[in-house]
Amino acid sequence: MTPYLQAENLSKRFGDQLLFENISFTIFEHQKVALIARNGTGKTTLMEILAGNDMPESGQITKTGDIRIGYLKQIPVLDDNHTVFEAVFQSGQEKVEIIRNFEDALLHNRKEDITKYTELMERHHAWDYEVKVKQILTQLKINNYDQRIAEL
């Protein structure tokens, strides 16, 4: 099994409070992992460190290849004026950017860009992304994709 992420001897304090000390773990390809602990014990801080948004006081994180880490934040920052669909497609993910660029090329009939982004859509398996997004939203009981975030 290929190791995707390895954390070694991570430690972090929040003021005088020790959140965690010398924790080490490895996450392997195809492995499912859960992070369970009481409130205030550093779960969010650990996720921020793994995502590269915070630094540990000690220890190191090693990622294999081009692994990118993302997670759904406990308190997401969303624009209340966006619709559900606009919020989903504002994620900054590479696949979302490819879809947006492809649609823009179609809208403005830029043939070279259409060819370029068609190839990227194929390579990133992005053709059914919108369908997958709608399936997930439906499971979350969100069926009005034009509803404003402020109204949820």
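FYI, it's all coordinate maths here, none of it is from the lab. These numbers come from a predicted model, not from an experiment. Positions of Cβ are backbone-derived with ideal geometry, glycine not excepted, and every protein chain shown enters the neighbour counts.
Key figures
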{"item": "Those lysines that a straight Cα-Cα span of less than 24 Å connects to Lys111, excepting residues fewer than 8 apart in one chain", "result": "Lys95"}
{"item": "Segment 7-152 - percent relative contact order, Cα under 8 Å, separation 6 or more", "result": "21 percent"}
{"item": "Dipole in debye (nearest 20) - segment 3-63, about Cα centre, beta carbon charges: Lys, Arg +1; Asp, Glu -1", "result": "200 debye"}
{"item": "Choice from Gly52, Gly40, Gly15 with maximal GNM fluctuation in the chain (Cα, 10 Å cutoff)", "result": "Gly15"}
{"item": "For segment 19-152, Kirkwood radius (reciprocal of mean inverse C-alpha pair distance, Å)", "result": "18.2 Å"}
{"item": "Entries of Lys63/Lys116; Lys12/Lys141; Lys73/Lys141; Lys12/Lys132; Lys63/Lys134; Lys116/Lys141 with Cα pairs more than 26 Å apart", "result": "Lys63/Lys116; Lys12/Lys141; Lys12/Lys132; Lys63/Lys134; Lys116/Lys141"}
{"item": "CD proxy at 222 nm, helix term only [per DSSP H run n ≥ 4: -39500 (n - 2.57); per residue of the chain; nearest 500]", "result": "-10000 deg cm²/dmol"}
{"item": "Fewest-first sequence of Asp113, Asp16, Asp128 by Cβ atoms within 10 Å of each Cβ", "result": "Asp16, Asp128, Asp113"}
{"item": "Segment 84-151, relative contact order in percent, only Cα pairs under 8 angstrom and at least six apart counted", "result": "42 percent"}
{"item": "Estimated FRET transfer efficiency (Val131, Ile69; beta-carbon r; R0 22 Å; 0.05)", "result": "0.30"}
{"item": "Compactness index (Cα Rg / 2.2 N^0.38 Å), segment 3-63", "result": "1.09"}
{"item": "The chain, dipole about Cα centre (Lys/Arg Cβ +1, Asp/Glu Cβ -1), debye to the nearest 20", "result": "420 debye"}
